[in-house]
Amino acid sequence: MVIKVERGRPTPEELAAVVALVQARAAAIEAEQDGPAGRPAGWSAPARNVPRTLPRPAPGAWRMSAWPGGRG
């Protein structure tokens, strides 16, 4: 990898910060390409507990929304 300064005069600290960011991003991309590590699959996935569609409110539901606990 080659990093070339096109304009300005960065300090050694600024160059070190840029190189660290580029290396961290490259490592993150490489990790993403290797596949997710430790990702739950199948029945243990948290997304399985999320409803597919949102329930539709019943007639008059707006009245009950003002009551504590939603009870009218």
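The values are calculated or read from the model by the stated rules, or taken from the named source; none is laboratory data. Everything numeric in this text was worked out from a predicted model, so none of it was measured. For the accessible areas, the whole protein counts, side chains as well, though only heavy atoms, and no ligand, DNA or RNA atoms are used. Shrake-Rupley method; radii C 1.70, N 1.55, O 1.52, S 1.80 Å.
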Order MET1, MET64, most accessible first, counting only protein heavy atoms with a 1.4 angstrom probe. MET1, MET64
On a full-extension model of 0.36 nm per residue, what is the gain between SER65 and MET1, subtracting their alpha-carbon distance, rounded to one decimal in nm? 17.2 nm
Heavy-atom accessible area of THR11, protein chains in place, probe 1.4 angstrom, given in Å² to nearest 10, is 60
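Compare SER44, SER65 by solvent-accessible area with a 1.4 Å probe and give them largest first, with all protein chains kept in place.
SER65, SER44
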